[in-house]
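Take a look at the structure below.
Every number in this text was worked out from the coordinates using simple rules, so none of it is lab data. The shown structure was predicted, so the numbers you read here are calculated from the model rather than taken from an experiment. So basically every Cβ, Gly included, is an ideal-geometry build from the backbone, and we count neighbours across all protein chains shown.
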Amino acid sequence: MKRFLTILTIMTATLAMAQNGKATTEKKTFSRETAVSTTIKADPAIIWKLLTNAADFPRWNSTVISIDGNDLEIQVKQNAICSFISKAPCVDVDLMCIDGRIAEGEKIKLKSTLDPKRTFKLKVKKMETNKLLEWGDGQGHRVYAITNNGDGTVLFSMNEKIGGFMFPMYAKHIPPFDKSFEQFAADLKKEAEMIQNFKK
């Protein structure tokens, strides 16, 4: 509970700086923190499902090349489309397609457009259904928060802090996250609102 309150405090402070889909970055000697938030006209459960389905990420999120979970693996040929019993669609690209269950304590592999040649090996550290998802590695962590506004909208926020004692030595080699964060938030908003409107 204490950890959750700490995360919420950090998120609240950062949200004041990163509203309406515009990312902000705070740089310090041993760390860098980027945040973005946006209001989405959709049910929290829709957003949660999008954020926790690894196989579906590359379909709606233009900043993610792939996310591999620890579940069923199927090789997908170029321009093929596959689906699973879980109804998780896969994208028509040549990559390993994984049944996208992201679960607390599990490890995932993520490829991002920020650095397509690198695979980030991350651990899912915390999950609170329809509210909070956190994953990270030894160099940083990312928190996704979903706050129900009670008026048919939610405030989605994403915050990532990277750093450590050796951070000053490699900081210049890490690209800025701002545009990627803004695109992530915009993609999520577009997809979630489209699904919400389709349900009406």
Would the range 157-171 turn up any residue that is part of a loop (DSSP other than H, G, I, E, B), surrounded by 14 or more Cβ atoms within 10 Å (Cβ to Cβ), in contact (Cβ under 8 Å) with a residue 40 or more places away in the chain and not charged (D, E, K, R)? no
Note down all Cβ pairs under 6 Å where the first residue falls in the range 42-68 and is surrounded by 20 or more Cβ atoms within 10 Å (Cβ to Cβ), the second is among the basic types (K, R), and they're at least six residues apart or on different chains. S66/K111; D68/K109
Please verify whether K109 is closer than 23 Å to A45 by Cβ and in contact with an Asp or Glu (Cβ under 6 Å, 6 or more places away or on another chain), treating the condition exactly as stated. no
